[in-house]
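Following: one structure in structure tokens, then a few remarks.
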């Protein structure tokens, strides 16, 4: 189980200059390895090391550990690009303008008790002090495994430290809850609970209208405002996803199972009207499910996924599937048996039942002529 804590560093002007030069040369090494691997169709880390290490040491004057770290990061980026290309995606050579420096235990040492650290840079190690936010103090007893140094757009320096501990072992229970994620209603579970707020939708609508007006102007001032809004909108969505995922995980007991639809490639599969497509493309479901997964891990809640086909069109009572079962976005009315309920609640029950059927099929005993029992 891993968590990332963010420490803001406040180096002096001379130290900031050294860090800036280090990250510039580290970025150059990362991009050069990526270009070599891309042109040579090579993703193997050992072969990339043999082909680039000595040249990059001479070119950048970086410590050997940072040259190796840049090569490892480049190899990961190349493998990711190759994997996407095999799936038919259009990808180009990986590149970065400001590649965060990855540190390990040999190149970065942190003392949380006295709030000091040393990190490797051009010319040797730099000693810096920091303060730990109150929320992060719960993770200080965990083991720190790696760290990434980065500089944001405002020129502030941050060290993101990955903390690790053993995942708690919790016995699974019989509680299974299906969760239907939606655009109008963020989430509805099979217990009939609704999650989210109408305020979120209103904020998104106001932001959309403001962006449209600014884009139509096209002035420099409007573009600066659009850039500012973009960051604000991302932070707002992230906060909403944190609130929603926390509520969902807290709604069940340890050992329970939360079941979601597998929404991979949903944007390419879904057929919607123009107004709905805008909300679909703004929907951060992947980020939300990632938040649910890591929050559930700590509590011992299992996360499962099922095929999303027909969960919204199938009647949970009689199993009849028909698009006409949903006369409106919010209502479900079965054409066969007349069952009526909220459409998202019906879908969440189907998600739960689909998982239970799948689980029963996988875990049923094998019956043969020689061993009928």
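Observations on the model:
- Relative contact order %, the chain, counting alpha carbon pairs below 8 Å whose residues are six or more apart: 15
- Each peptide in 346-355, 254-263 was scored by the mean count of other Cβ atoms within 10 Å over its residues; highest first, the order is 346-355, 254-263.
- Estimated purely from DSSP H runs of n ≥ 4, each contributing -39500 (n - 2.57), the mean residue ellipticity at 222 nm for the chain is -15000 deg cm²/dmol once divided by its residues.
- Sequence-distant contacts, meaning Cα pairs under 8 Å at least 6 residues apart, place the relative contact order of region 9-102 at 40 percent.
- If you sort the three axes of the alpha carbon gyration tensor as a ≥ b ≥ c, you get a/c of 1.5 or more for region 87-228 and a/b no higher than b/c, which makes it oblate.
- With a simple spin-label model that places each label point 7 Å from the Cα along the Cα-to-Cβ direction, the separation between residue 225 and residue 132 comes to 4.4 nm.
- Which of 229, 321 has the fewest Cβ neighbours within 10 Å, and the rest in rising order: 229, 321
- DSSP bridge analysis restricted to the chain gives an antiparallel fraction near 85%, rounded to the nearest 5.
- Projected onto planes of every orientation and averaged, the convex hull of the alpha-carbon atoms in the chain covers 26.4 nm².
- Over region 51-170, the reciprocal of the mean inverse Cα-Cα separation, the Kirkwood hydrodynamic radius, stands at 16.8 Å.
- Taking the empirical scaling 2.2 N^0.38 Å for compact globular proteins as reference, region 1-63 has a Cα radius of gyration ratio of 1.46.
- Across region 224-254, the residues whose backbone nitrogen lies under 19 Å from the label position 7 Å along the beta-carbon direction of residue 150 are 227-242.
- For region 9-102, the Kirkwood hydrodynamic radius from C-alpha pairs, put into Stokes-Einstein at 10 °C and a viscosity of 1.306 mPa s, yields a diffusion coefficient of 115 µm² per second.
- A simple packing score, the average count of other Cβ atoms within 10 Å per residue, orders the peptides 138-146, 284-292 as 284-292, 138-146, with the highest score first.
- Fewest-first ordering of 153, 137 by other beta carbons within 10 Å of each residue's beta carbon gives 153, 137.
- Placing a label point 7 Å from the Cα of residue 359 along the Cα-to-Cβ direction, the residues of region 159-186 whose backbone N falls under 16 Å of that point are 170-180.
- For region 183-266, alpha-carbon Rg over 2.2 N^0.38 Å: 1.44
- Pairwise Cα distances in region 104-164 exceed 17 Å for 40 percent of all pairs.
- Region 119-159 and region 313-343 have their alpha-carbon centroids 53 Å apart.
Rule-based calculations on the coordinates, nothing more; no lab input. Note that the structure is predicted; figures quoted are calculated from it, not measured. All Cβ positions, glycine included, derive from the backbone under ideal geometry; neighbour counts span all protein chains shown.
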